[in-house]
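Asks: Have a look at this one.
Here, each number is a calculation from the coordinates, and none is a lab measurement. No experiment lies behind these values; they were computed from the predicted model shown. Don't worry about glycine lacking a Cβ; one is built from the backbone with ideal geometry, like all the others, and counts go over all protein chains shown.
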Amino acid sequence: MFIDAHNHLHDPRLGDPAPVIAEMRASGIDACMVNATCEDDWPLVEALAMEHPDFVLPAYGVHPWKAHLAAPGWEDRLHALLDRSPGAAIGECGLDRWVKEPDIAVQSPVFEAQLRLAREFDRPVVIHCLKAWQPLFESFGRMQPPRRFLMHSFNGSIETARRLIPLGAYFSFSGYFLQARKAEVVETFRQLPPDRILIETDAPDMLPPDAFITHPLEGANHPANLSAIARGFAAAMGLDSPGIAVRTTENFCRFFRG
């Protein structure tokens, strides 16, 4: 059985979550972490977690692309949500210099506020970082991360990873990186500590190559593709699929539950 370490099951591009979950279960997926990206997502993710408590693990946060949309009082409302959701993580949050707006100066305080909440609640945090490694370490200098955090869809260098590992980082591999032109990402994962590796779909985004699409969905990545992605990842890593399943599931449980 596999665990999808990062998706957006509430996204309307996936349609009704119930049949999607049924397809995920049938394909060998035991659970998934569903990540909110803005305050409007929070009640949707919360409802999924309440409706499917044995399958959906919630994460509530503000994505860097939406940092400028965080309404006054958002931090207090997130605090209240985390207070009534003892099993929730924080995320998706982070920093991104691939987009021009909002600026890093807008993203950073929103990100650091979520790091502060993660430390206060001792919750794992899910981090999106794209072309913003130096700002990430600067934020960590101002606000220490919690004792465990996930670099989702990690595509940084092994040198960056080695700076993150002592801080408590885990790293998740997305099927998008099974493209031949992303071979350097696979090579980085080969050098990571085996107990820090997870797998994810980032559904409905980050489509894998056609060979790893078992559940076609027009214009979107179906989260049930995870099992095929895991097999592709295992082959790329020189491991077997059952071994990847056991290892990444154990790693996820350690990451999520402490």
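Asks: If you scan the range 26-50, which residues turn out to be without any contact (Cβ under 8 Å) to a residue 60 or more places away in the chain and exposed (fewer than 15 other Cβ atoms within 10 Å of the Cβ)?
Replies: ASP40, PRO43, ALA47, MET50
Asks: Kindly indicate the residue of the range 96-108 that is in contact (Cβ under 8 Å) with a residue 12 or more places away in the chain and in a helix (DSSP H, G or I) and also surrounded by the fewest Cβ atoms within 10 Å (Cβ to Cβ) among those meeting that condition.
Replies: The qualifying residue surrounded by the fewest Cβ atoms within 10 Å (Cβ to Cβ) is VAL106.
Asks: For PRO135, work out the one condition from (1) surrounded by fewer than 14 Cβ atoms within 10 Å (Cβ to Cβ); (2) more than 23 Å from GLY258 (Cα to Cα) it doesn't fulfil.
Replies: Going through the list (1) surrounded by fewer than 14 Cβ atoms within 10 Å (Cβ to Cβ); (2) more than 23 Å from GLY258 (Cα to Cα), PRO135 breaks only (1).
Asks: For the range 219-236, enumerate the residues that are out of contact with any Ser or Thr (no Cβ under 9 Å at 6 or more places or on another chain) and either of a type in the set (Lys, Arg) or surrounded by fewer than 19 Cβ atoms within 10 Å (Cβ to Cβ) (or both).
Replies: Matches in the range 219-236: GLY219, ALA220, ALA236.
Asks: Let me ask another. Quickly run through the range 52-62 and pick out the residues that are touching a residue at least 12 places away in the same chain (Cβ under 8 Å) and not in a strand (DSSP E or B).
Replies: HIS52, ASP54, PHE55, GLY61, VAL62
Asks: Looking only at the range 82-107, count every residue that is of a type outside the set (Asp, Glu) and under 17 Å from PRO146 (Cβ atoms) and tell me the total.
Replies: 11
Asks: Every residue in the range 137-172 that is among the aromatic types (Phe, Trp, Tyr) and under 18 Å from the mean Cα position of the chain (by Cα), please.
Replies: Result: PHE149, PHE154, TYR170, PHE171.
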